[in-house]
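The values are calculated or read from the model by the stated rules, or taken from the named source; none is laboratory data. Because the structure is a prediction, the values reported are computed rather than measured. Cβ placement follows ideal geometry from the backbone for every residue including glycine, while neighbour counts extend to all protein chains displayed. We work out accessible area using only protein heavy atoms, side chains counted, and drop any ligands, DNA or RNA first. Shrake-Rupley method; radii C 1.70, N 1.55, O 1.52, S 1.80 Å.
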Amino acid sequence: VQLQVSGGGLVQAGGSLRLSCAASGRTFSRYTMGWFRQAPGKEREFVAANSWRDIATVYADSVKGRFTISRDNPKNTASLQMNSLRPEDTAVYYCAARTGAAASIYRSNYNYWGQGTQVTVSS
């Protein structure tokens with residue numbers, strides 16, 4: 001599957017952004033989708049994941065209550081709604097997919113990656 005990410009940009013602290021991930025292929029519903037981010041000088045970290053069939057979602061503690069992951073299987077898209085953004089949310093955000101059913105937090109479990117999109121939150 002190929003993943004195309006869009007929706008990054010510059011926003012002030014407290015603002016919102018919505019990232020989208022468009023997937024190719026006809027079996028999108030069988031993939032668990034995840035979002036990761038990488039800030040300058042830091043390792044790529046888990047943000048959120050949504051299991052196939054939309055059974056379970058998992059969030060990093062740092063974004064819980066502010067970010068929402070969702071998916072639209074008929075449209076082959078996954079989204080990350082980011083509210084109450086903080087300067088520490090500044091990073092390159094990546095969409096990822098895995099063939100396993102579990103909403104894994106480990107990047108090594110994801111088979112496919114989209115290109116990153118920059119999210120910058122100014123204070």
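Pick out, from the stretch 19-123, the strands (runs of 3 or more DSSP E) lying fully within it that include 1 or more residues that are out of contact with any Leu (no Cβ under 8 Å at 6 or more places or on another chain) and hydrophobic (A, V, I, L, M, F, W, C). If you could, list the steps in order and put the result at the bottom.
Working: elements: 32-38, 45-50, 57-59, 67-72, 77-82, 91-98, 117-122.
Filter on the stretch 19-123 gives 32-38, 45-50, 57-59, 77-82, 91-98.
Report, by residue number, each residue of the stretch 95-123 that is open to solvent by 40 Å² or more (accessible area, probe 1.4 Å) and of a type in the set (D, E, K, R).
Within the stretch 95-123, just R107 meets the criteria.
Tell me the residue from V92, V63 that is buried (at least 18 other Cβ atoms within 10 Å of the Cβ) and free of Cβ contacts under 8 Å to residues at least 40 places away in the same chain, please. Don't jump to the end; show me each part of the working.
Numbers: V92 fails: free of Cβ contacts under 8 Å to residues at least 40 places away in the same chain.
From the options V92, V63, the qualifying one is V63.
Could you grab me the full set of residues in the stretch 1-18 that are in a strand (DSSP E or B) and closer than 13 Å to T120 by Cβ?
Going through the stretch 1-18, the residues in a strand (DSSP E or B) turn out to be 3-6, 9-12, 17-18.
Matches in the stretch 1-18: G9, L10, V11, Q12, L17.
Of the conditions (1) buried (at least 21 other Cβ atoms within 10 Å of the Cβ); (2) closer than 21 Å to G9 by Cα, A49 clears all except one; give me its number.
So the condition that A49 fails would be (2).
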